[in-house]
Amino acid sequence: MPMEREPFADSPVFTFDRPHRGLLRLWLDTGLPQNAVTHDNHSELGRVWGAVADDEARVVLVRGVNGAFCGGGTAAFLGPLVDDHRARMQVLDDMRALIRGVTECPKPVVSAIDGYCAGAGLALGVMADVSLVARSATLHDAHTIAGLVCGDHAAFAWPLLMGMAKAKYHLLTATPL
């Protein structure tokens, strides 16, 4: 479990430790069931990568706590996005920062996915340089259940990761992996 919060002590979402020389481990811990994200902590998923890039670590490992990687947004967070254009644009900016932060990180990023993984956490998990997924993990892009298109990362990344037919099946039917 997490051992220290320094030097990233101000992060509301991540706890960091250094179990081995050169390894920076990020523990994703929102304090909510399934590590869900809210309006208050969503932007931190993208903001943290500047500090990670400047850190002396040689590799970054991202994990969840309490049996979940990240369950995505809470209903209270996602609901208002339907009618609030400004909030919706902020979430899109946050997702862009998350995806760019992970993919442009100058250090290798490894995700260790266990338990449920959806939403912004799914983007973080599968956009890592290496994604280690437990057999018991569930990857779920549920955009179509809400009547939305898969546009934050899945539409371009999933076909590259698993092939077009399988990606379309899972994204269009919202069938979990």
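Worth pointing out:
- Modelled FRET efficiency - R0 35 Å, Leu161 with Ala76, Cβ distances, 0.05 increments: 0.70
- Between His39 and Thr173, the modelled labels are 3.6 nm apart [label points 7 Å from Cα along Cα→Cβ].
- Of Trp49, Trp158, Trp27, the residue with the greatest mean-square motion in the GNM of the chain, using alpha carbon springs below 10 Å, is Trp158.
- The fewest-to-most ranking of Ile113, Ile145, Ile99 by surrounding Cβ atoms within 10 Å reads Ile145, Ile99, Ile113.
- Computed over segment 114-156, the range of Cα coordinates on each principal axis works out to 29, 21, 12 Å, biggest value leading.
- Segment 14-143: relative contact order in percent, alpha carbon pairs under 8 Å with at least 6 residues between: 26
- Simple point charges give the picture: +1 on the Cβ of Lys and Arg, -1 on the Cβ of Asp and Glu, and for the chain a dipole about the Cα centre of about 560 debye.
- Placing unit charges on the Cβ atoms of the charged side chains and taking the dipole of the chain about its Cα centre, the candidate lying farthest along the positive direction among Asn35, Gly125, Met89 is Gly125.
All of the numbers you see were taken from the coordinates with simple rules; none came from a lab. This is a predicted model, so every value here is computed, not measured. We place every Cβ from the backbone using ideal geometry, glycine too, and count neighbours over all the protein chains shown.
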